[in-house]
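Throughout, read-outs are computed from the coordinates displayed, never taken from laboratory work. Bear in mind the structure is a predicted one, so any value in this text is a computation, not a measurement. All Cβ positions, even for glycine, are placed from backbone atoms using ideal geometry, and neighbour counts span all protein chains on display.
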Amino acid sequence: MILNGPNLDQLGTREPELYGTLTLAGIESLCKETAAALDMSIDFRQTNDEATLIGWLHEAAKSDVAVIMNPAAFTHYSVAIRDAAAMLTAPLIEVHLSNPIAREEFRHTSLISGISKGTISGFGAQSYVLALNALAKL
């Protein structure tokens, strides 16, 4: 599963100087192409709702499915998403389009990083490609 959190459905128009001009649909296409080349299948999802994201993490945990997740703003404050992600038995890779450490101080703390296999950030849409390649090697 590739799970995306709040406001990522606004990519392409939301702060393009920070996030680029590629839409989330464009990122999904890039991920599908990359996954096909790696002989992987993906289930790409986005929500602005914390409860929905938690439900998807529960689904992944029950199915022993690896997760690439861009929790977006939930990264910094959602203990509930962190707890749901901690239930995963398959690898979890955290991704971010921008580099949170190079941004405002409140973005420097990730509740997800400590329970993920790794974090890839700051490479725009390529963060997802890098995560898929890493997952293929795990």
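A few points about this structure:
- Taking amide H atoms as placed 1.01 Å from N in the peptide plane, the amide H of Ser121 lies under 5 Å from those of His96, each 5 or more residues away in sequence or on another chain.
- Normalised contact order of the range 6-110, rounded percent, pairs of Cα under 8 Å and 6 or more residues apart: 25 percent
- Computed [θ] at 222 nm, helices only, for the chain once each DSSP H run of length n ≥ 4 contributes -39500 (n - 2.57): -11000 deg cm²/dmol
- FRET E, pair Val65, Gln126, Förster distance 30 Å, beta-carbon r, rounded to 0.05: 0.85
- Other-chain or far-sequence residues with amide H under 5 Å of Ser78's (modelled H): none
- Column: log10 I(q)/I(0), Debye, Cα scatterers of the range 2-137, q = 0.11, 0.12, 0.19, 0.22 Å⁻¹: -0.34, -0.41, -1.12, -1.54
- Listed by chain and number, the aspartates and glutamates whose alpha-carbon sits under 14 Å from that of Lys117, ignoring those within fewer than 8 places in the same chain, are Glu94.
- For the range 3-11, 3J(HN,Hα) per residue [Karplus equation, 6.51 cos²θ - 1.76 cosθ + 1.60, θ = phi - 60°, Hz, x = Gly/Pro]: 10, 10, x, x, 6, 6, 5, 9, 4
- Residue-by-residue Karplus 3J(HN,Hα) for the range 61-69, coefficients 6.51, -1.76, 1.60, Hz, glycine and proline x: 5, 5, 9, 6, 9, 5, 10, 9, 10
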